[in-house]
Amino acid sequence: MQSSRQSKAMLQRVVFLDRDGVINRDSPDYIKSWDEFEFLPGSIEAIKRLILNRFITIIITNQSVINRNMVSREGLEYIHAMMKSAVKSGEGEIKDIFFCPHIPEDECGCRKPKPGLIYKAQKKYRIDLADSVMVGDSTKDIECARNAGCGRSILVKTGNGAITEKILSERSISPDFVAKDLYHAVDWIIK
């Protein structure tokens, strides 16, 4: 039987990141190919800084483009492989990507704001959710963090963040921090 110290050592310090609007520019027409994928300024450097500070980064993203028949699963996996490669070239690392292929009408348990994707990551990597952080640009991201029991949530003003800040205020939901972008969110995380 493992001691509690050994069990604690196996737990990971994790930052969950939404993809579109946090790492790359979002599009109302969806990101359907690598040609449409554009990193936001500072996002690759931000992920590198997380890694240098011994955080693991895991992407948690709704990708209904699959069930909308706009991109195949293989096409999405290619976009993600290219994204991970670019981040690695910038000396960062994306440990894993968990995505929901469903449309909202499917009412699945993995589509944010439901916590299914975070729970899958927790099970795979033995994550202490109370010590984790979720960074996103939408109401769904902040609600997902709360629903999963993440210790902290950060709203970035890139992507849909400016609109989301107003919506959250109307719903009396407060993220733990509001940042200009992912780079500034990482400043707060590592402090």
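The values are calculated or read from the model by the stated rules, or taken from the named source; none is laboratory data. Bear in mind the structure is a predicted one, so any value in this text is a computation, not a measurement. Neighbour counts are summed over all protein chains in view; Cβ atoms, including those assigned to glycine, are modelled from backbone coordinates with ideal geometry.
In segment 8-38, which residues are within 20 Å of G136 (Cβ to Cβ), more than 14 Å from the chain's Cα centre (by Cα) and of a type in the set (A, V, I, L, M, F, W, C)?
I31, F37
Look at segment 107-120 and say how many of its residues are modelled with pLDDT under 95 and assigned to a helix (DSSP H, G or I).
0
Being among the aromatic types (F, W, Y) and free of Cβ contacts under 8 Å to residues at least 60 places away in the same chain, is that true of even one residue in segment 120-141?
Of segment 120-141, the ones among the aromatic types (F, W, Y) are 125.
Next, only the ones that are free of Cβ contacts under 8 Å to residues at least 60 places away in the same chain stay: none.
Within segment 120-141, none of the residues are among the aromatic types (F, W, Y) and free of Cβ contacts under 8 Å to residues at least 60 places away in the same chain.
Within segment 101-117, is even one residue crowded, with 18+ Cβ neighbours inside 10 Å, of a type in the set (A, V, I, L, M) and in contact with a Leu (Cβ under 9 Å, 6 or more places away or on another chain)?
No, because not a single residue in segment 101-117 is crowded, with 18+ Cβ neighbours inside 10 Å, of a type in the set (A, V, I, L, M) and in contact with a Leu (Cβ under 9 Å, 6 or more places away or on another chain).
With the checklist (1) at pLDDT 95 or above; (2) over 14 Å from I23 (Cβ atoms) in hand, flag the one item R126 doesn't pass.
Among (1) at pLDDT 95 or above; (2) over 14 Å from I23 (Cβ atoms), the lone unmet condition for R126 is (1).
Which residues, counting only those in segment 88-117, are within 15 Å of V22 (Cβ to Cβ) and in contact with a strand residue (DSSP E or B) (Cβ under 7 Å, 6 or more places away or on another chain)? Give the derivation first.
Quick first cut of segment 88-117, residues within 15 Å of V22 (Cβ to Cβ) only: 92, 94, 97-99, 112, 117.
Those that are within 15 Å of V22 (Cβ to Cβ) and in contact with a strand residue (DSSP E or B) (Cβ under 7 Å, 6 or more places away or on another chain): I94, I97, F98, F99, K112, L117.
So, in segment 46-78, exactly how many residues are surrounded by fewer than 17 Cβ atoms within 10 Å (Cβ to Cβ), farther than 21 Å from K114 by Cβ and of a type in the set (D, E, K, R)?
3
Consider segment 129-167. How many of its residues are in a helix (DSSP H, G or I), at pLDDT 95 or above, of a type in the set (D, E) and in contact with a Leu (Cβ under 8 Å, 6 or more places away or on another chain)?
Here the count works out to 2.
Checking S172 against (1) in a helix (DSSP H, G or I); (2) more than 26 Å from S27 (Cβ to Cβ); (3) modelled with pLDDT under 95; (4) not acidic (D, E), which test does it fail?
Only one criterion in (1) in a helix (DSSP H, G or I); (2) more than 26 Å from S27 (Cβ to Cβ); (3) modelled with pLDDT under 95; (4) not acidic (D, E) is unmet by S172, namely (1).
If you go through segment 141-154 one residue at a time, how many are farther than 20 Å from I51 by Cα and buried (at least 19 other Cβ atoms within 10 Å of the Cβ)? Full working, then the answer.
The initial filter retains those residues of segment 141-154 that are farther than 20 Å from I51 by Cα, namely 141-149.
Within this subset, residues satisfying the condition of being buried (at least 19 other Cβ atoms within 10 Å of the Cβ) are 141-145, 148.
Matching residues across segment 141-154 total 6.
Looking at the structure I just gave you, is Y78 among the hydroxyl-bearing types (S, T, Y), in a helix (DSSP H, G or I) and in contact (Cβ under 8 Å) with a residue 40 or more places away in the chain? Outline the logic, then answer.
Details: among the hydroxyl-bearing types (S, T, Y): yes; in a helix (DSSP H, G or I): yes; in contact (Cβ under 8 Å) with a residue 40 or more places away in the chain: yes.
Yes; evaluated as a whole, the condition is true for this residue.
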